[in-house]
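J.: My structure is below; once you've seen it, I'll send some questions.
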């Protein structure tokens with residue numbers, strides 16, 4: 001058994017995920033459900049009974065899939081929730097697609113973010129109880145540009161409480177530095193172990209309060225995180 005790591009790099013976390021799914025046999029969709037549920041609990045507690053809507057911003061990868069889970073739980077608890085996807089919704093795949101389909105089966109509108117919809121999003125952000133940032137995960141390597149950058153800027157300008165999924169979008173998980181622009185979150189719910197970049201003191205400006213959620217990944221042999 002390996003000693004628990006205090007911080008993991010994005011690559012180490014990727015190997016831990018693969019170990020849980022491929023070696024232990026935990027379906028990825030189960031880990032996604034556990035992750036989304038943990039973020040929902042933080043967001044719901046933050047709303048503290050205020051009857052204000054939630055805005056969930058999702059990317060096309062697994063981070064966005066976590067966001068779809070969060071949205072479902074918010075809706076199931078009576079919270080008015082708008083779901084936004086940046087980029088082509090047709091490119092959502094895998095476990096994220098499973099959770100997107102669940103929302104569609106619940107007749108929940110899925111809003112695609114385009115240049116034309118940015119003014120509408122800006123208006124919605126003026127009356128918002130919480131923003132869920134599920135745009136970009138720890139796999140990000142290049143500078144944030146285009147619609148992602150514009151949405152992040154809108155979120156930061158709005159002043160609405162933000163809960164980030166695993167890592168604030170645009171923050172480098174290895175260095176803790178913003179890749180051009182990054183979400184400034186009030187709370188970051190990170191999964192299994194904190195990411196290496198969070199050790200960098202300036203990263204706290206972006207993460208806000210850091211919470212580590214157990215999503216069911218077992219402690220395995222050290223090979224699980226070695227290259």
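Values in this text are rule-based calculations from the coordinates and carry no lab data. Since the model is a prediction, treat every value here as computed from it, not as a measurement. Ideal geometry is used to build each Cβ from the backbone, glycine not excepted, and the neighbour counts take in all protein chains shown.
J.: Where does region 107-188 land on Rg(C-alpha)/(2.2 N^0.38 Å)?
T.: Rounded to two decimals, the normalised Rg is 1.07.
J.: Dimensions of region 3-59 along principal axes (Cα, Å, largest first)?
T.: Per principal axis, max minus min of the Cα coordinates gives 43, 25, 21 Å.
J.: Calculate for the chain the 222 nm mean residue ellipticity that helices alone would give, adding -39,500 (n - 2.57) per DSSP H run of length 4 or more and normalising by residue count, nearest 500 deg cm²/dmol. Don't jump to the answer; show the numbers that get you there.
T.: Details: 7 runs with 80 residues, N = 227.
Value at 222 nm, helices only, nearest 500: -11000 deg cm²/dmol.
J.: Angle, helix 62-76 long axis vs. longest principal axis of the chain, Cα atoms, 0 to 90°, nearest 10?
T.: Computed tilt is about 60 degrees.
J.: From the mean inverse distance of alpha carbon pairs (Kirkwood) and the Cα radius of gyration, derive Rg over Rh for region 10-217. Spell out each step's value before the answer.
T.: Numbers: Rg = 15.5 Å, Rh = 16.7 Å.
Rg/Rh for region 10-217 comes to 0.93.
J.: Helix 146-158 versus the longest principal axis of the chain: what angle, 0 to 90°, nearest 10, using Cα atoms?
T.: 70
J.: On full extension of the chain, what length is gained from residue 76 through residue 11, given 0.36 nm per residue of separation minus the C-alpha to C-alpha distance?
T.: Working: separation 65, 0.36 × 65 = 23.40 nm, distance 3.42 nm.
That works out to 20.0 nm of additional length.
J.: Further question: Please report the Cα spread of region 1-111 along all three principal axes, rounded to whole Å, starting with the longest.
T.: 46, 34, 22
J.: Specify the angular offset, from 0 to 90 degrees and rounded to the nearest 10, of the alpha carbon long axis of helix 28-47 from the longest principal axis of the alpha carbons in the chain.
T.: The angle comes out near 50 degrees.
J.: Could you list 211, 204 so that the one with the fewest beta carbons within 10 Å of its beta carbon is first and the one with the most is last? Display every interim value, and only then the final one.
T.: On the way: 211 16, 204 13.
Lowest count first: 204, 211.
J.: Now a separate question. Write down Rg/Rh for region 55-105, rounded to two decimals, with Rg from the C-alpha atoms and Rh from the Kirkwood relation over Cα pairs.
T.: Ratio value, two decimals: 0.94.
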